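The structure under discussion appears below in the form of structure tokens.
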Amino acid sequence: MQGPTRPILRMMARLRAVRALDGPQDPLSREATPFLILVAIVLALLFAILEVDLNSAALQSLGLIGDGFSVDPIFKSP
């Protein structure tokens, strides 16, 4: 019977093998890929949109956002 640490050690060995195939281990020689930067920017924008949507009532009470145009209520989400 295997002890509880045996599968964990096997998994760590596999992760080290995959990491060795990844390339140089020097953190200064690695650069962020343009795709990673794009994903980070898109996620930040989505987070900002969701925060504004979540706090729209508070922002309207402060006068920071207004009702610039009227949207038919049938098209608004519940």
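What follows is calculated from the coordinates using simple rules that are stated; it is not laboratory data. Computed from a predicted model, the values in this text were never measured in an experiment.
A few points about this structure:
- The range 37-52 - phi-based ³J(HN,Hα) in whole Hz, Karplus 6.51/-1.76/1.60, Gly and Pro as x: 5, 4, 4, 5, 5, 5, 5, 5, 5, 4, 5, 5, 5, 5, 5, 5
- Less than 5 angstrom separates the built amide H of ILE65 from those of GLN60, all sequence-distant by 5 or more or on a different chain.
- Additional length obtainable on full extension of the chain from ALA44 to ALA57, 0.36 nm per residue less Cα span: 2.5 nm
- Segment PHE35-PHE75, extension gain: residue separation times 0.36 nm, minus the distance between their alpha carbons: 11.0 nm
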